[in-house]
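Take a look at the structure below.
The values are calculated or read from the model by the stated rules, or taken from the named source; none is laboratory data. These figures come from a predicted structure and were not determined experimentally. Cβ atoms come from the backbone with ideal geometry, glycine included; neighbour counts cover every protein chain shown. Heads up: the accessible areas ignore ligands, DNA and RNA and are worked out on the full protein's heavy atoms, side chains in. Shrake-Rupley method; radii C 1.70, N 1.55, O 1.52, S 1.80 Å.
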2 protein chains.
Amino acid sequence: MARTAHSSRLRCCLLLAVFVSQFVERVCGVWPLPQEIQQSGDSSGLSPQLFSFTYSQDSAAQTGCSVLDTAFKRYFSIIFPDFTKEGLHDMWLEPKAFVVSVSVKTRGCDGYPDEDSDESYNLSVSDGQAVLRSVTVWGALRGLESFSQLVYRDDYGAYFINKTEIVDFPRFAFRGLLLDTSRHYLPLHAILKTLDAMAYSKLNVFHWHIVDDPSFPYQSRTFPDLSKKGAFHPFTHIYTQSDVMRVIEHARMRGIRVVPEFDSPGHTQSWGKGQPDLLTPCYKGSMPSGTFGPVDPTVDTTYRFMERLLKEVKFVFPDSYVHLGGDEVSFACWQSNPNVGKFMEKMGFGRDFTKLESFYMESIMNITAALNKTSIVWQDVFDYHERPRSQYVVEVWKQGCYLCEMRRVTKAGLKVILAAPFYLDLPIPTQNWARYYGVRPLAFRGTKEQKKLVIGGEVAMWGEYVDATNLHPRLWPRACAAAERLWSNEEKTLNADLAFPRLEEFRCKLVRRGIQAEPLFVGHCKQEFNGL
Amino acid sequence: MARTAHSSRLRCCLLLAVFVSQFVERVCGVWPLPQEIQQSGDSSGLSPQLFSFTYSQDSAAQTGCSVLDTAFKRYFSIIFPDFTKEGLHDMWLEPKAFVVSVSVKTRGCDGYPDEDSDESYNLSVSDGQAVLRSVTVWGALRGLESFSQLVYRDDYGAYFINKTEIVDFPRFAFRGLLLDTSRHYLPLHAILKTLDAMAYSKLNVFHWHIVDDPSFPYQSRTFPDLSKKGAFHPFTHIYTQSDVMRVIEHARMRGIRVVPEFDSPGHTQSWGKGQPDLLTPCYKGSMPSGTFGPVDPTVDTTYRFMERLLKEVKFVFPDSYVHLGGDEVSFACWQSNPNVGKFMEKMGFGRDFTKLESFYMESIMNITAALNKTSIVWQDVFDYHERPRSQYVVEVWKQGCYLCEMRRVTKAGLKVILAAPFYLDLPIPTQNWARYYGVRPLAFRGTKEQKKLVIGGEVAMWGEYVDATNLHPRLWPRACAAAERLWSNEEKTLNADLAFPRLEEFRCKLVRRGIQAEPLFVGHCKQEFNGL
């Protein structure tokens, strides 16, 4: 069917208000909402044959920049999903070139994103060209994502983009997503796909809760028995060093940090299988009962083991953060064990086991600091010992007054990450994404300095009821709502009703990109079932 | 790796109590629980090369029986998922033949399952052979499913089956599953896969809630405008006649009935787009407001239209049942319309609009009866008019005292289907499958004759929040729990704790067969991620 570009051209956003044909695809929004965006109805046609990304002359990064070269290729496929060289030629009577010119101030193409990475970008789309400017390659990635979301198609498959000006930067530097690969093993493809969707939503920290009580899938080179005996299966249900590298590189290419969590002293049942003297033997009366409790904090071997493990972790995971857990330690087993009792006495802890946990966590955090890594811990560690001797980052996870906790943590001068209102794993109604629009991480009484210590938030997908069969629909699009609240201007994104049609549209984009994002309500996406 | 069949042989069920190696797959149960099952630890090895299904000499069905020929082929692939002719030869030092001999009393290979179909079967598995006897081909299908579930593999991939005796039949004849293809369109592959999983769970009625307010995806040959104007998209979001035939044939091959629902007079907004005079014009004061309400029950054209539509439905859908809906009719629009008012007066209905709905439904049910079809309706129809003039089947869906309703319906001499406790579409906790174990459809006061009128139950997957992205994990394995309660002996399946490990095992079987069934709790399946 030969049609001129003109006759089929749709002025997307302006037209929306006037008339929406059943077949018009409304693809003109950007998710999460940019800090500033101005769009007009003037559109340019895009022809895949004459479309290109290029480095502008003044850019510090040029061809050979791994992160951006790969991103150009990736976004070309995302923008033109069914492009074939011959394909669409006859549809274009007047094909016009379109160039996206990218300019980056600092190079850093071979590094990793970190907590100080500047993710800001400016994007200017006009007739036949777009100019994308950023300080870092990570900012350029965010801009490319926004650019890709601006492109839309009409009913004949032709591509358009409207004149647009965007000035954008994230509200919070830490916008995380936690996956739990211990309660259920998640195959590599499920993790990689999650990273893809994170990049689409501009989430930038993959918090890998890699091991826990049920299984130890991380294949350690220092302690291979940990996964050999502690994984669900020693060959099929593990992450080899090569798997981990692949995750880290896939994440790096998308500007995503990988923060591993090796949670101790609790949540370590699976560790005990491959490291026999690590856990505390529980006692029944004066005899060992045969069961084991948390890591034994009273013996030197524990700290030597942890130091060697953390050294490996430092080597394998380039991020400056490492999550040390420290949550939900049950004291019953420690209480039952006579050696622990003696140690408590010697240390003058009385019967206060929170002191014993603090002692253990301080030691582990000291090891981590000596390795030049920043520790993140769950809030329990702070709660047990509110006067921190060292600097660490606190992750707030407990329901209830999480803002009170944020206030206390920042008052103590520690950085904080908010996860409590973003627990996604429970099979609660899909509609509860709207709740995230009521979450205001800074709405506690405190000084400006305190507020600055709130470095971000995190959605948590625990694994009790989640594996590869239901991971993606349970994550998406709900995690996108949290992602918007962590990236965008709070005042402009307080209204879930206004967000609803935008999120519906973005959810359709995710589906089109192969992410199994579940529907928000009755309706349909135009190209919804391709590839699902 | 060459190993004798003997050394790797596992006496599955008996061994379970004694010792379970990490790598042993515990595949010896049958879901839903057969009425009688006896298993021993004696096992036979199965070699794909020397395995066959055959018709026994005394069987009424022989080669050429479409349903069973196809089932033999299908179950061979299910039992030996990675079979290649050359493949596993070297693993078998003493390959032995195994023959499953199937004997069916009545032929009926080219018919459709119906409400009177006998699904009973006897299965006897001994050394080197199995004998499957049933009255109908549908019973043989149930037996083949049970047989396939009895086969298990050891860690080296070798196949085994234990000596087993099964006498089995369903508790209820109607074990339904509702899919809603109007609120979201479900692509054909999602429906076909649902039918596969239904067969694995021995569910036997696909209740196709094919149209509703949001869209009309059924492409009618009599009224093509209904989908042309009422579907989400007139080409991509419809079920053509050929699609419907494919669904019906796929279902038939699995002994599943397809009962379509054309819900009226409410839930018909999408009908109005392609059939302009069908719906009641709503009024604001003395003027039409431009919106429309339920089907207009006051004009002859409505009944002529419904008769022609139902004639087509009769022709397209072979099942003797057709679901006519009749639920949730809002009376506001009827109340506003002066013509409806006049009609009410003429008929002597006063201002009682339930009488008007009853009048409409009676008329539609008469049309259906004249077409030799049995009507199913939602309980509203019965509630409005408890003294039925005609025979129909009532589907109980309202929460609250559904047993009270069952009692009333059966007291009126009508057949009844219970759906109320089996609404699966809401994103409630996965664990709520356990609730189904407390559902006792016959636990109301009533005579034996009344109890006989309870013909079964149905799980309902409404479409507000469900499309192909999340359908399967939301359906499975929860629907399996309901399926067991509808098939098995109630007294033997009252305990959800006892069912838990069996359901976990069955869920792994579903995953292995390519059904995206979500996990019940922490853990893993051995071959869990193949094909997902």
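If each label sits 7 angstrom from Cα along the C-beta direction, how far apart, in nm, is A:Gln49 from its counterparts in the other copies?
List, nearest first: 5.6 nm.
Determine the relative contact order of the range B:264-342: mean sequence separation of Cα pairs under 8 Å and six or more apart, normalised by residue count, in whole percent.
So the answer I get is 39 percent.
Treating only the Cβ atoms of Lys and Arg (+1) and Asp and Glu (-1) as charged, compute the dipole magnitude of the protein assembly as shown about its Cα centre; round to the nearest 20 debye.
440 debye
Less than 14 Å Cβ to Cβ from B:Leu203, Lys/Arg counted +1 and Asp/Glu -1: what total charge do the surrounding residues give?
Here the charged neighbours net out to +4.
Let me know the mean shielding of A:185-195 by other chains, meaning the per-residue number of their Cβ atoms within 10 Å of its Cβ.
Going residue by residue through A:185-195 and averaging, the value is 1.
Pull up all non-local amide H partners of A:Leu178: gap of 5 or more, or a different chain, and H-to-H distance under 5 Å with H placed in the peptide plane.
Placed amide hydrogens put A:His207, A:Val459, A:Ala460, A:Met461 under 5 Å from A:Leu178.
Quickly rank B:507-516, B:439-448 as a protection proxy: mean count of other C-beta atoms within 10 Å, highest first.
My ranking of the peptides, most packed first, is B:507-516, B:439-448.
Per DSSP H run of n ≥ 4, the term is -39500 (n - 2.57); total these for chain A, divide by its residue number, and report the mean residue ellipticity at 222 nm rounded to 500 deg cm²/dmol.
It lands at -9500 deg cm²/dmol.
Can you find, among A:Tyr423, B:Ala199, A:Gly128, the residue farthest towards the positive end of the dipole of the protein assembly as shown? Put +1 on the C-beta of Lys and Arg, -1 on that of Asp and Glu.
Comparing the listed Cα positions along the dipole, A:Tyr423 ranks first.
Using a 1.4 angstrom probe with every protein chain in place, what is the largest-first accessible-area order of A:Asp380, A:Asp58?
Highest to lowest solvent-accessible surface, that is A:Asp58, A:Asp380.
Taking only C-alpha pairs under 8 Å that are 6+ residues apart, what is the relative contact order of the range B:174-503 in percent?
Relative contact order here is 17 percent.
Using modelled backbone amide H atoms (1.01 Å from N, in-plane), which distant-in-sequence or interchain residues come within less than 5 Å of A:Thr280's amide H?
So A:Thr280 has HN proximity to A:Gly293, A:Val295, A:Asp296.
Take peptides B:251-259, B:350-358, A:498-506 and line them up by average Cβ neighbours within 10 Å, highest first, as a rough protection proxy.
B:251-259, A:498-506, B:350-358
Select from B:Gly285, B:Gln450, B:Trp433 the residue farthest towards the positive end of the dipole of chain B; place +1 on Cβ of Lys and Arg, -1 on Cβ of Asp and Glu, and compute about the Cα centre.
Farthest along the dipole direction, towards plus: B:Gln450.
In whole Hz, what ³J(HN,Hα) sequence does the range B:147-156 give by Karplus (6.51, -1.76, 1.60; θ = phi - 60°), x for Gly and Pro?
4, 4, 6, 6, 6, 9, 10, 8, 5, 9
Can you give the average number of partner chain beta-carbon atoms within 10 Å of each beta-carbon in peptide B:460-469, as a whole number?
Rounded to a whole number, the mean comes out at 6.
Placing unit charges on C-beta atoms (Lys and Arg positive, Asp and Glu negative, everything else neutral), compute the dipole magnitude of the range A:174-503 about its Cα centre in debye, rounded to 20.
Here the size comes out at about 800 debye.
What residues qualify as long-range amide H neighbours of B:Phe232, i.e. H under 5 Å apart, gap of 5 or more or another chain, H built at 1.01 Å from N?
HN-HN under 5 Å from B:Phe232: B:Phe216.
From the label point of B:Val316, set 7 Å from Cα along Cα→Cβ, how far away are the matching label points in the other copies, in nm, ordered shortest to longest?
Here the equivalent label points are 5.6 nm apart from this one.
Less than 19 Å apart at the alpha-carbon level, and either on another chain or at least 8 residues along: which aspartates and glutamates does that give for B:Lys342?
Cross-link targets: B:Asp277, B:Asp296, B:Asp300, B:Asp352, B:Glu357.
Leaving out ligands, DNA and RNA but keeping every protein chain, what accessible area does B:His189 have, in Å² rounded to the nearest 10, with a 1.4 Å probe?
Approximately 100 Å² for this residue.
Only Lys, Arg, Asp and Glu count, each charged at its Cβ (+1, +1, -1, -1), so figure out the dipole size of the range B:24-168 about its Cα centre, rounded to 20 debye.
Here the range B:24-168 has a charge dipole of around 260 debye.
On a 0 to 90 degree scale, rounded to 10, what angle separates helix B:402-411 from the longest Cα axis of chain B?
The answer is roughly 70 degrees.
Pairs to check: A:Lys314/A:Lys373; A:Lys193/A:Lys373; A:Lys355/A:Lys451; A:Lys492/A:Lys526. Give those whose C-alpha atoms are more than 19 Å from each other in this structure.
Correct reply: A:Lys193/A:Lys373; A:Lys355/A:Lys451; A:Lys492/A:Lys526.
Along Cα-to-Cβ, 7 Å out, sits the label point; list in nm, shortest first, how far the one on B:Gly111 is from those in the other copies.
Here B:Gly111 shows inter-copy label distances of 7.7 nm.
May I ask for the distance between the Cα centers of the range A:248-316 and the range B:289-305, given as a whole number of Å?
Centre-to-centre distance over Cα atoms comes out at 70 Å.
Mind checking A:207-218 for the average number of partner chain beta-carbons within 10 Å of each residue's beta-carbon?
1
Below 8 Å between Cα atoms, with a sequence gap of 6+, how large is the relative contact order for the range B:90-139 in percent? Don't skip to the end; give the middle numbers.
On the way: 71 pairs, mean separation 22.8, N = 50.
Computed value for the range B:90-139: 46 percent relative contact order.
What FRET efficiency, computed as 1/(1 + (r/R0)^6) with R0 = 35 Å and r the Cβ-Cβ distance, is obtained for B:Ala412 and B:Lys346, rounded to the nearest 0.05?
It comes to 0.80.
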